[in-house]
Amino acid sequence: MKREAQRSGVFTRRALIIAGAQVAAIGGLAARLYQVQVEEGARYTTMAESNRISARLIAPPRGRLLDRGGAILAGNRLNWRALLVAEQTGDVGATLENFGRIVPLSETERARIERELRRHRRFVPIMVREFLTWEDMARIEVNAPELPGILVDVGTTREYPHGPAMAHVIGYVAPPAEADVAEDPLLSLPGIRVGRAGMERVHDTVLRGRAGAVQLEVNAVGRVIRELDRREGTQGQDVNLTIDLDLQKSVLERLGDESASAVVMDARNGEVLAMATNPSFDPSLFNSGVSQAQWVAWTSNRRAPLINKAVAGLYAPGSTFKMIVALAGFEARVITVGETVYCPGYLDFGDRRFHCWRKYGHGSVDMRAAIKVSCDCYFYEVAKRVGIDRIAAMSNRFGLGTKLDIELPGARAGHVPTRAWRIAQGKAWNIGDTIVHGIGQGFFQLTPLSLATMTARLATGRQVEPHLTRAIGGTMQRGSRPEDWPALGVAERGLQVMRDAMWAVVNEQGGTALIARLPAAPGSTAPPAQMAGKTGSVQVRNVTREQRERGFKSENLPWEYRPHALFVGYAPHDAPRYALAVVVEHGNAGSEAAAPMARDIMAATMARDPVIRSERPRVAAGGAP
Amino acid sequence: MSGMERRLIRDNSFDITSKLFRISWIYVLLLSALAGVGYVALYSAAGGAPDPYAARHMFRFAVGLVLMLSIAMIDIRFIQKMSWLAWLGGVVLLVLVLKMGNVGKGAQRWIELGGMQWQPSELMKLCLVLGLASWFHRASWEKMGNPLFLIPPLIAVAIPVGLILKQPNLGTAVITAVVGGTVFLGAGLRWWKVALAAGGVVGGAPIAYSHLRDYQRARIDTFLNPESDPLGAGYNIIQSKIALGSGGIWGKGYLQGTQGHLNFLPEKQTDFIFTMLAEEFGLVGSLAVLGLLACIILGGMLIALRCRHQYGRLVALGISMNFFMYVFVNIAMVMGAIPVGGVPLPLVSHGGSAMIMVMIGMGVLMSVHVHRDVEFDERQRDL
């Protein structure tokens, strides 16, 4: 019994020690629970919430680009897509097999689908085919029982209904680059596109809108349980351009096969009604991705279809520049309106002889006549007297060689040379250089748009700037009224002489562009509106004395050595409203290639006058889909 | 307690009515309460439905309760006589599971029987306690000082622990060794030997680590730094801690636990059931459950202390310790305090065989209590 008592004593002590240890251990667990649940509770609550809640962005439909009348230039097309949810079908292979019988799937498509199926969880919809036609859709719906797991949904894709006609102005959209995504979370959404060129790029933020957000409760594998909160985004706004679609189309059509560009402006407010460049490209190709072959074809084409020649093509202005030289001389008082210059067909200066385009000369010409017959000698003389710097200053006031307020990315300012510029190049500026520049040849690099702007400023005496945006979200933008633009500050007398002379170029016997005389409007007995204008031809190669003596004919040259043909003009001559510039690359003489084009373009513009005049921008019905 | 009740029962056959009378019904009530907690938790784990877990849980508990009360009626002296047979049976089952058991999670642990998966290692822990208690039942304090006397029981521990390690199941092996060691301690093992054994374990840990399987090492590594692999091995621990922590003081409300209901919490009906409760009922709820578990553990210890024969004391000590180890390992595991390793929370986690095993142990514990005053034969008592 004594032993039993000893044993039980030992056991009791030890049992109490063990029980104490157990209590201590459980107390330790309780303390740790307190630590995790109370002290660190807030941190873990946040983590639980971020586990549970997944914020997703909802893309607002991209705003549309419309012409001045509301016609859709860049819209959104509904994109019907067939999706496959693997978990909703017992046999993925059989479903795809059945689908392939209705809408044939190519081998590469099948491979892509298989790849995506492997990569995603079974409840994630996989895109089987997009851009389904209505017939395909109908057939899929009818055969739905044989296509478990297939569902049809609709997204949007950018659509350019007028393709090449508007490509250079509208630009195009493409998937965003990495850098863009960082600046706007909206861009991380699949299928989103950003403006990459043209007005799509200029108004990208306005068109894009702001992303909405939806807060979803998700479970551990990411399946959506329910929607907790939804914040609608801001829809992309529609933008009305100043372009008149129908005019744009007829201008482009008139350019035909030439490598050419034409700009038609409202002379009073700078609205660009048409800006056509030939050849063009199909902007929707960028939406889905451009093939290597296509890209090579575009970039190796010497007619440069991707370049918007109207704002990025650089040309010497040739004789279309003569008004500027005359005005510079007139304002500097080195020549009066009535002073005549004798033209024997050339001007000798130093040991160089500068030829007039007319071999036997024009005789005595005053300012008006010099422009009307485009006498080179007169302008050699005026340029010599006034100097290059005053000519350059006058050019800049007319928008030549300066940065214009056009929105388009890639628009070039162009260049008008000055003495200082030439000296900065380490060369000397000689009077001979000035003489050459007097007829718009030489170092000039001007865009067709700037020539149209010059013409508009000549016609109205206002410092209009060309622009393409008319209204954003239905709100008219500044610049649509003539009063928005300040006076040019050039003596009215000089401008009047220029306008009269330019009228004579087109409408008076002996003018160089009688061919550009506007026809009577069809079905109208009223006398036709008259256009004032000026031709220009620009040598891209010097003509040698030898060639000249052999009776040189430029049309016998290879295409790329022929002179460019230019025409600038405005109409009606007595109440200027529309100004245009046409440049035909290697088109030979301005009077032959450019003037008839300008005539037809101006006629088309005048015919559409009542349409263009309707001031309110109309927004196409239906809103953005 | 009156003197009358405390006298030794020399009669070998006291009747069933008086046995029922001696059952600790308060203890049965505590166990039922714990099973009730299990019902509440499993109802939530099923997304607010009695199926598939909660209803079956209660059914199994009812079966287990009948089993427990039946075992409680068996004379403890009979159980003592069967002890070594039970030990042998446990070892045979362990060998069988190694030979033909089902492989789950890279280890051979299961035997399929009666539609349930049985882990012989769970049964082994009880059988080991019985065997050791039977061995030490006769040992006097002096005898416990004799190293030769300690060799057979050491082998009796080493064989099942070795077999369980071979499955391999590190967690259960450690628990088995600790439970066995506790019986040694209760029997009067000298403290310096305890210290020696403890020193050996600490010193041997690095060597043992180098012999672990990859997944076991991964578990320990993840435990040491769970954030190192948040989507892989550390995912369970991190999500469990998030669930616990976001529960706060008062919890998210019943059936409102986001971590559990949105499946961020892995195995929420089994290993992580405590996390589920703590998320929905907060610190208040988790401490209440912990308190209930402590009552059951200490109640077992109380049964050991009140028993008047060494065999019963050691059995009760071992069973209580086993229950404690379950609770401690499970809760420490879900809090990220020790490496994760498939140990369920007894009577709360979903799982039929574990429930039955626990209830068999509780039956033996209750048999000790019912037969706390019986007298073993003279020879044994006076040794």
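So the values come out like this:
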{"read-out": "Residue that is modelled with the lowest pLDDT [pool: residues in region B:237-251 that are surrounded by fewer than 22 Cβ atoms within 10 Å (Cβ to Cβ) and more than 7 Å from chain A (Cβ to nearest Cβ)]", "value": "B:Ile238"}
{"read-out": "Count of residues meeting criterion [more than 22 Å from A:Leu488 (Cα to Cα) and modelled with pLDDT of 90 or more] in region A:384-411", "value": "2"}
{"read-out": "Some residue of region B:345-358 being on the phi < 0 side of the Ramachandran plot, surrounded by 24 or more Cβ atoms within 10 Å (Cβ to Cβ) and touching a Pro at 6+ places or on another chain (Cβ under 6 Å)", "value": "yes"}
{"read-out": "Residue that is surrounded by the fewest Cβ atoms within 10 Å (Cβ to Cβ) [pool: residues in region B:149-196 that are within 14 Å of another protein chain (Cβ to nearest Cβ) and of a type in the set (Gly, Ala, Ser)]", "value": "B:Ala195"}
{"read-out": "Given (1) at the interface with chain A (Cβ under 7 Å from one of its Cβ atoms); (2) among the hydrophobic types (A, V, I, L, M, F, W, C); (3) in a helix (DSSP H, G or I), number of the condition B:Phe264 does not satisfy", "value": "(3)"}
{"read-out": "Residues of region A:1-58 classified as within 7 Å of chain B (Cβ to nearest Cβ) and among the polar types (S, T, N, Q), total", "value": "6"}
{"read-out": "Residues located in region B:252-261, provided they are more than 8 Å from chain A (Cβ to nearest Cβ) and either crowded, with 24+ Cβ neighbours inside 10 Å or under 17 Å from A:Arg32 (Cβ atoms) (or both)", "value": "B:Gly257, B:Gly260"}
{"read-out": "Conditions (1) more than 10 Å from chain A (Cβ to nearest Cβ); (2) part of a loop (DSSP other than H, G, I, E, B); (3) open to solvent by 10 Å² or more (accessible area, probe 1.4 Å); number of the one not met by B:Ala337", "value": "(1)"}
{"read-out": "Every residue from region A:333-383 that is free of Cβ contacts under 8 Å to residues at least 40 places away in the same chain, of a type in the set (Ser, Thr, Tyr) and farther than 22 Å from A:Ala491 by Cα", "value": "A:Tyr342, A:Tyr346, A:Tyr360, A:Ser364"}
{"read-out": "Selection count where residues are touching a Ser or Thr at 6+ places or on another chain (Cβ under 6 Å) and either part of a helix (DSSP H, G or I) or open to solvent by 30 Å² or more (accessible area, probe 1.4 Å) (or both), scope region A:488-529", "value": "2"}
{"read-out": "Selection count, region B:286-319, where residues are open to solvent by less than 10 Å² (accessible area, probe 1.4 Å), more than 8 Å from chain A (Cβ to nearest Cβ) and under 14 Å from the mean Cα position of the chain (by Cα)", "value": "5"}
{"read-out": "Enumerated strands (runs of 3 or more DSSP E) restricted to region A:246-361, each holding at least 2 residues that are surrounded by 23 or more Cβ atoms within 10 Å (Cβ to Cβ) and more than 15 Å from the chain's Cα centre (by Cα)", "value": "A:260-266"}
{"read-out": "Helices (runs of 4 or more DSSP H) lying entirely in region A:83-158 (those with 1 or more residues that are outside the structural domain of A:Arg201 (by TED's automatic domain parsing) and either of a type in the set (Asp, Glu) or closer than 29 Å to A:Pro60 by Cβ (or both))", "value": "none"}
{"read-out": "Contacts under 6 angstrom Cβ, first residue in region B:209-222 being open to solvent by 80 Å² or more (accessible area, probe 1.4 Å), partner modelled with pLDDT under 75, 6 or more apart", "value": "B:Arg213/B:Pro168"}
{"read-out": "Qualifying residue in region A:437-459 (condition: surrounded by fewer than 23 Cβ atoms within 10 Å (Cβ to Cβ) and of a type in the set (Lys, Arg))", "value": "no"}
{"read-out": "Matching option when the condition is more than 14 Å from chain B (Cβ to nearest Cβ) and either without any contact (Cβ under 8 Å) to a residue 40 or more places away in the chain or basic (Lys, Arg) (or both), among A:Gly75, A:Gly93, A:Gly149", "value": "A:Gly93"}
{"read-out": "Selected residue (only one of A:Arg550, A:Arg577 is modelled with pLDDT of 90 or more and among the charged types (D, E, K, R))", "value": "A:Arg577"}
{"read-out": "Region A:460-487, subset hydroxyl-bearing (Ser, Thr, Tyr) and surrounded by 15 or more Cβ atoms within 10 Å (Cβ to Cβ), residue farthest from A:Gln425 (Cα to Cα)", "value": "A:Ser480"}
{"read-out": "Residues of region B:267-285 satisfying the condition of being facing chain A (nearest Cβ under 8 Å) and in contact with a Phe, Trp or Tyr (Cβ under 7 Å, 6 or more places away or on another chain)", "value": "B:Gly282, B:Leu283"}
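For (1) among the small types (Gly, Ala, Ser); (2) assigned by TED's automatic domain parsing to the domain that holds A:Asp500, each residue gets a yes or a no:
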| residue | (1), (2) |
| --- | --- |
| A:Phe286 | no, no |
| A:Val290 | no, no |
| A:Lys322 | no, yes |
| A:Ala326 | yes, yes |
| A:Ala332 | yes, yes |
| A:Gly350 | yes, yes |
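Yes or no, residue by residue, for (1) under 25 Å from A:Gly195 (Cβ atoms); (2) crowded, with 17+ Cβ neighbours inside 10 Å:
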position	(1), (2)
A:Phe99	no, yes
A:Pro104	no, no
A:Arg129	no, yes
A:Gly155	yes, no
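The values are calculated or read from the model by the stated rules, or taken from the named source; none is laboratory data. What you are looking at is a predicted structure, and each value in this text was computed from that prediction instead of being measured. As a convention, Cβ positions derive from the backbone with ideal geometry for all residues, glycine included, and neighbour counts pool all protein chains shown. The area values use the complete protein model at the heavy-atom level, side chains included, leaving out ligands, DNA and RNA. Shrake-Rupley method; radii C 1.70, N 1.55, O 1.52, S 1.80 Å.
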